[in-house]
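Derivation of every value follows stated rules applied to the coordinates shown; laboratory data play no part. Bear in mind that the values here come from a model prediction, so they are computed numbers and not experimental data. In this analysis, Cβ positions are derived from the backbone assuming ideal geometry, glycine residues included, and neighbour counts consider all displayed protein chains.
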Amino acid sequence: MKRTATLGLLSFAFLIVSTIVGNAQPSEAQIKKDMSGERTISITFGKPGSRTWDTSSQKWIWTRDYTQKLKTEDPSVTQIVTGYAAYNANGAAYTFWRTFPNSNRFEGIPNPTNQEIQALIDKFTVQEIFGSFNYGNVVGKIESFGPPADPKFDWHTMNSVSFDLVGVYTQKTNGIGGTERGQRTFRIRLYRDDRKSPWKKFLTTSSKDWKAL
């Protein structure tokens, strides 16, 4: 009987703690208050938040996915940011830490079309986009080079955007005649002076993703 009573008390205590922790989780209204600024138009949320261990900061955090719409200096353009809000999870206490944006786009500014991208490839040249090392390892002709089905556009500012390009070709694998056919994904970033100006320069930010075909 005593054992049963003890177990009952423990279960009740656990229920109380769980309820306190659950109730302490930030509400959507609180998250909006913590995230909002003078540029904020609206904030919407994804699935319910969850508690997780953050390896980089070595602490427990509680996160909630969000989509935030922001004003820009151009009234006809709005910025759309997706990411997650992170809170320090100290027992039953949750304090706002920071947001972690993971994508950025602008409503009112169209992404470059496939035709425009092909024109930019011609302008900047395949050799320059590949870089001397990758281009020097090409065997024969490059079969194709252009945007994939999902280029993963990411606007850094209204005048700078990143996206993927994929090249299919055969490359050298060693110095004694070894070759392999495959595709390499290049992440490039474009820059321009303003929205009415042409793209004037680019930077290949990544070209490590090779997939044998």
Have a look at ALA86, PHE130, LEU190 and report the one farthest towards the positive end of the charge dipole of the chain, computed about the Cα centre with Cβ charges (Lys/Arg +1, Asp/Glu -1). ALA86
Distance check, please: which entries in LYS152/LYS196; LYS152/LYS208; LYS32/LYS71; LYS123/LYS201; LYS172/LYS208; LYS71/LYS200 exceed 18 angstrom between their Cα atoms? LYS152/LYS196; LYS71/LYS200
Nearest 10 degrees, 0 to 90: helix 2-24 Cα axis against the chain principal axis: 50 degrees
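Would you mind working out the magnitude of the charge dipole of segment 24-107 relative to its Cα centre, with +1 at each Lys and Arg C-beta and -1 at each Asp and Glu C-beta, to the nearest 20 Debye? Please report the intermediate quantities before stating the final value.
Details: 11 positive and 8 negative charges, 45 e Å.
Taking the Cα centre of segment 24-107 as origin, the dipole is about 220 debye.
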Could you work out how far apart the two model spin labels at PHE100 and LYS211 are, taking each label as a point 7 Å from the Cα in the direction of the beta carbon, and quote it in nm? 2.5 nm
Mean ellipticity per residue at 222 nm, deg cm²/dmol - from DSSP H runs of n ≥ 4 across the chain, formula -39500 (n - 2.57): -7500 deg cm²/dmol
Taking K and R as +1 and D and E as -1, what net charge do the other residues with C-beta under 13 Å from the C-beta of PHE96 add up to? +3
Quick one: divide the alpha-carbon radius of gyration of segment 96-153 by 2.2 N^0.38 Å and tell me what you get. 1.59
For Cα extents along the principal axes in Å, the choices are (i) 73, 37, 34; (ii) 53, 34, 34; (iii) 83, 53, 26; which was calculated from the structure? (iii)
